[in-house]
Each structure stands twice: as C-alpha cells, then as structure tokens.
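Read the figures in this text as sums done on the coordinates, not as results from a lab. Bear in mind the structure is a predicted one, so any value in this text is a computation, not a measurement. Cβ placement follows ideal geometry from the backbone for every residue including glycine, while neighbour counts extend to all protein chains displayed.
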Amino acid sequence: MTKIPLILDGARTPFCAWAGGARADGEKGGALKPLDPIDLGAAALKAALSRSQVLPAAVGQVVFGNTYAVGPHATYGARYVAHRAGVPPEAPGVTVVMACASGLQAVVSAADAVQRGQAHIAAAVGADNCSLVARSVFVPSFKDLMCERPISEIAQEMSKDYGFSRRDQDRWALRSHQRAAAARARGVFQEEITPTGGLDQDDAIIENPTPERFAQAKQLCEGGDATSANTHAIVDGGSAILLADPEGARGAADALGRLVGSAVVGVAGDRMPYASALAIRKALGAAGWNISEVDLFEINETFASQILVAVKELGIGEDRVNVNGGALALGHPFGGTGPRLVYTLLKELRRRGLKRGMAAICAGGGSGVAVAIETV
C-alpha cells in the first residue's frame, strides 16, 4: 500500500537582497552574506523541527536543494545541513541540484523516501546564498547552453507569443509587491520566518509600490520587455519542511497537510516558461484532480512574463494564484524557494479554510516540478 506523506510543519529564514543588489528601500543588500547556504538551510530545518515537535534524532533522511554550491565545504551539502541542525549521522543526506527547481525537487525526493519506507520522517530543505557566488559564475549561469540563449530572452519571446505586453508584465509585478506588502502587514510572513542572523523580516518587498517605479525600470535585454523590476528579486535565504508517514508522525504536532501527487517534467530549453504549466497538468493526473478542484496555486515568479504564460496556459483565475505575492516581491533564493512555496501554500489554505493546492517551479534548461497538496 502506498504511503501518502504527511507534511508536519516548516519554516524559512528571512529572504534578504543579495550583496550585489539593493533592498527595497534602496540600501545595499547582503544582510545574510555571513551565512553560507548550509547555515541558512540548517536554520530553517531547526525551526521546522521545533515547530513540529520532532526530535532531530527522529529524522531518517535529509534532502537538500542547493543551486550554487559555495565555500570549501559545499560538497558535503545535505550532510552538513543535517549535522548543523542536530540530526544524527546515521540519517543519510542527499543533495539535489536542479537550478531554480532544486528546492521543490528536494520536497519530491523527501516524499519519495517516505513513500518507499526509507524514512518515517524526511526533511526537505533548500537554500542559496547568491552573495557568496562569484560574478564570473553567477552571471553566465543565466544563459542556457542547450539553446545558447539567456533565459530572460526566452521568457520575453514566449511572452510575445502569448500576446503579453510590457504593461501586462509590469502590472503583475506591481500586483506581486502589493499583495506581499499587504500579507506582511497582516503578519502572514512572520508565521513562516525564523529569525536568522539577527534578522526577522524580508527586505526586498516594496512597501508602497507605484506603477511608475516599474515603468521606469531598466530593460535586461535591449528592445525587450523583461526588466529589473518585473524579474524576480535576487535574495539569499533558506526554507524547510518535514514530511512523515502516519507512523512517523505519532507524537508530533498535528500535521498541516499531505502531499498527494507530484510531477517532474522536461521541455526544450527555449520553452522553459511552459514547464511549470506542464508539471502542474501532470501532477493533477498523479493526484487524480481536475484543475477546477484546486483552490490555490503557488507558481514561482521567475519573470512576470513566465507567470503570465503559466496562468494563461492553465486557464486559471488570477485570484487563485500567489495570493500573498510571489518571487517578484519576496525574491527567489533559488534552492530556497521550493519548500517555501509548499509551506506558504499550506498555511494559506488552512487560513482560508480551503483544501487543495498546487505548487510549481520552472527552471532553466527546460525543467519543471509540481506538487499537489491538501490540508488535513
């Protein structure tokens, strides 16, 4: 009999602008630069363990999604995340590298470990610290060698194919910041964040965004519609969730939900923005759902053009998508995004008394990952 993994609880660090950029208030970023990705992942995992009332010794496996390995000990990945969070050495650690989708793939892999009986409790962790990545590595990484094109160019070309204008993209970016600022004012993100490095708030969300701020933003490619303002903020951060089978969940705090289906897909590199929509369709099949039965979606906002493509392709109303804003406002710490999407989604479903949700990410190279979750 297939075990359906429960999602016990989770946590994330603040998402803070990287050292190569600026915070929403215009001040220089880099507040989390002193902490490497292993530190950030361990901080999130420690908080998730505490919130779920799970002892570190009960964790049977740790899966760590990390896009940019930095520092002399990065090669140890999940092993060091587990160690710094107090998980005993007998628990194996697996590190996943899948560009933007690394963290969500960590969720899928941790769920697989539970379903196969490899662990009663598994941790899915993701983190990146872009502030520590050399520019000589970071900047070229945004060119997809499969199609020899920058991913921003790919996204804006698909946007034109779907009929989206610069104004459409700026409108979505404005929406993302407005919703994120409103959610922060309501204390929504404080429920997710564990203080880390002396910080307890995200710093990339614009408090009072105006259309003019987006209209005046610098284009990423000459003649294109992708700009510094309608592309995700580059931030440092980490997140984690704990998954368990019913036996492993005994003695833990009440579960938030369960993971009932997932999908990992691939498309041509120059069709990258479509990958999240395709992954969602396949995850719907795995869960046995129709898209009309999904109450809320968390789809990563790599570019405003990309999220617009996904929404149109799936035929879903905007009122069901990223209701508390997305990566255009919060920022996208690459590996750190996946568990955050799942945790944010579950918390919001429960807040609204709703049942079903879908989280998805597309990634450079044409990858897509999606998970179907429901509250319990």
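Worth pointing out:
- For the range 1-123, the Kirkwood hydrodynamic radius from C-alpha pairs, put into Stokes-Einstein at 4 °C and a viscosity of 1.567 mPa s, yields a diffusion coefficient of 85 µm² per second.
- Look at where the Cα atoms of the range 1-79 and of the range 317-376 average out, and the two centres are 17 Å apart.
- For the range 84-184, the list of trypsin sites (Lys or Arg not before Pro) that fall in a loop by DSSP and count at most 11 other C-beta atoms within 10 angstrom reads Arg116.
- Tally of Lys pairs whose C-alpha atoms are under 22 Å apart, taken over the chain, 8 or more apart or cross-chain: 12
- Expected-Rg normalisation [2.2 N^0.38 Å, Cα atoms] applied to the range 62-177: 1.36
- Rh (Kirkwood; distinct C-alpha pairs) - the range 269-316, Å: 11.2 Å
- Residue-count net charge about Arg51 - beta-carbon cut-off 13 Å; Lys, Arg +1, Asp, Glu -1: -1
- Taken along the Cα-to-beta-carbon direction at a fixed 7 Å, the label points for Glu318 and Val137 span 3.9 nm.
- Computed over the range 220-376, Cα set: Rg, Dmax in Å: 15.6, 58
- Taking max minus min of the alpha-carbon positions on each principal axis, the range 6-371 gives extents of 56, 45, 42 Å, largest first.
- Fluctuation leader among Trp172, Trp289, Trp18 - the chain, Gaussian network, Cα springs under 10 angstrom: Trp289
- Distance between the range 148-191 and the range 111-132 - C-alpha centres, whole angstrom: 28 Å
- The angle between the Cα long axis of helix 166-185 and the longest principal axis of the Cα atoms of the chain comes to about 40 degrees, rounded to the nearest 10.
- Dividing the helix sum by the residues of the chain, where each DSSP H run of 4 or more adds -39500 (n - 2.57), gives a mean residue ellipticity at 222 nm of -10000 deg cm²/dmol.
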